[in-house]
Amino acid sequence: MPELTVIHIALMAITAVIGAVIGWMLRGNRAVQEKAAVSAGWQDQIDAQRREGDRLLEQNKGLMEQVSQFQASHTDAKNRAKELSIAVQEAFARRDELQREIKDIRSNLEVAVSERDQLQSDIASRSSADDIVQQKDARIEKLTQELENWQNRLPPLIERFRTRNEEAEQLESELDQARERIRELEAAREHADEGQTRIEPVTHPDELTDGLDASNDPAEDYADALLADNDELGDEPEDDDDDDNNNNNYDDEAATGTHGLRNDLQQIKGVGPAIEKTLNEMGIFSFQQIAEMSEYDIDRVARRLKGFRSRIYREDWIGQARELRDQAIRA
């Protein structure tokens, strides 16, 4: 076996150093590549959050415009109701005035008729006096003319009274409609307030944090509240008989405990207070029921929620319900 000299040891040391340097360089290149990949991923996430922030900002602007239109409509309805109330009061005053005029005319007519009858009786009793007869005839003629004048004036006054009375009734009907509209608008505003539809300011895109979810933001809660208000104001879905039959089935299942206890459906992203209320009215109370929904059930819920079919699939309500159900079972 050859002896190891200093040269051999030096060569081995140099070789080890060179290998360590090469390994260090390769590791550095790999670290640079990994850092670039991580930076690109973070940049994509930041861009996505900024786009989402811009979308929420536009949506907030649209909702603000809707609120402004609602307030303007409410103000116009109040002004219209005030104008109609004033017009009705004026019509009632005019009607009372015409009634008083007609009453006076009738009393004058009665007086004239009584005077005529009295004159006729006087003429019959005093037919022997020519001068008295002539005076009475002149008086009768005068009263007859007055009577004819009053009779000619009475029909137009009666027609005017009827016209004014019809106008007053029409104005009163319009006033009732305006008051009903105001009550509907106030009820819609109260339901919107009860649904916590206050529009929060949108955070700047640069300040958005991880975990941002657009399905439970205040804008969509406002939309849910408007949806609930429309349902309560009389917007009934189609195929009421089919929905009632299925609601009865859901109610029977909930009563017998087939689907378990009542769950907080707002844990599903995209389900707000108004949507949860609508689902409860349809007999849906638990994650189990949503997890087992068929295409027919989805169509029925979409009709009741006014075209939310794409949202049900987009936000994966059924998948979320299954996960929440499994979590509840494991707990």
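The values are calculated or read from the model by the stated rules, or taken from the named source; none is laboratory data. Here the structure is a predicted model, which means the values were calculated and not measured. In this analysis, Cβ positions are derived from the backbone assuming ideal geometry, glycine residues included, and neighbour counts consider all displayed protein chains. When the accessible area is computed, the model is the full protein with side chains, heavy atoms only, and any ligands, DNA or RNA have been set aside. Shrake-Rupley method; radii C 1.70, N 1.55, O 1.52, S 1.80 Å.
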Dipole magnitude (debye, nearest 20) for the stretch 265-331, charges at Cβ of Lys, Arg, Asp, Glu: 220 debye
What FRET efficiency do you get for Glu186 and Glu281 if R0 is 25 Å and r is their Cβ-Cβ distance, rounded to the nearest 0.05? 0.60
Solvent accessible area, Å² - Met64, 1.4 Å probe, full protein context: 100 Å²
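Could you work out how much longer the chain between Arg50 and Thr144 gets when fully extended? Use 0.36 nm per residue separation minus the Cα distance between them, nm to one decimal.
Values: separation 94, 0.36 × 94 = 33.84 nm, distance 9.49 nm.
The span from Arg50 to Thr144 would gain 24.4 nm if fully extended.
What FRET efficiency do you get for Gln327 and Arg27 if R0 is 41 Å and r is their Cβ-Cβ distance, rounded to the nearest 0.05? Intermediate values should be presented prior to the final figure.
Numbers: r = 43 Å, r/R0 = 1.04.
Efficiency, rounded to the nearest 0.05: 0.45.
Tell me, what is the FRET efficiency for Ile158 and Gln69 to the nearest 0.05, using R0 = 45 angstrom and their Cβ-Cβ distance as r?
Details: r = 47 Å, r/R0 = 1.05.
That gives a FRET efficiency of 0.45.
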Approximate spin-label separation Glu101-Val17, in nm, with each point projected 7 Å along Cα-to-Cβ: 12.5 nm
Computed lengthening from Gln43 to Glu174, 0.36 nm per intervening residue step minus Cα-Cα distance: 41.0 nm
Just want the answer: with Cβ charges of +1 for Lys and Arg and -1 for Asp and Glu, which residue in Leu63, Gly23, Gly41 is farthest toward the dipole's positive end in the stretch 16-64? Gly23
Percent of Cα-Cα pairs per 10 Å bin, from 0 to the last occupied bin, for the stretch 100-147, please list those. 27, 46, 19, 7, 0
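Give the dimensionless ratio obtained when the Cα radius of gyration of the stretch 114-170 is divided by 2.2 N^0.38 Å. The partial results should precede the final answer.
Numbers: Rg = 18.4 Å, N = 57, 2.2 N^0.38 = 10.2 Å.
Against the compact-globule rule of thumb, the ratio is 1.80.
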Kindly sort Ile9, Ile318 by accessible area of their heavy atoms, largest first, with the probe set to 1.4 Å. Ile9, Ile318
Principal axis box of the stretch 1-128, alpha-carbon based, largest edge first, Å: 187, 17, 11
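Quickly rank 30-38, 169-177 as a protection proxy: mean count of other C-beta atoms within 10 Å, highest first. Please report the intermediate quantities before stating the final value.
Values: 30-38: 10.0, 169-177: 15.1.
Going from most to least packed, we get 169-177, 30-38.
Just the ratio, please: alpha-carbon radius of gyration of the stretch 36-84 over 2.2 N^0.38 Å, N its number of residues.
Details: Rg = 21.4 Å, N = 49, 2.2 N^0.38 = 9.7 Å.
Cα-based Rg divided by the globular estimate yields 2.21.
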Based on alpha-carbon centroids, what's the gap between the stretch 305-325 and the stretch 101-118 in Å, whole number please? 83 Å
If the convex hull of the alpha-carbon atoms of the stretch 48-114 is projected onto planes in all directions, what is the mean projected area in square nanometres? 4.8 nm²
Give me the accessible area of Lys82, 1.4 Å probe, in Å² rounded to the nearest 10. 130 Å²
Suppose the chain between Arg262 and Lys78 were pulled fully straight at 0.36 nm per residue; how much longer would it get relative to their current alpha carbon spacing? 61.9 nm
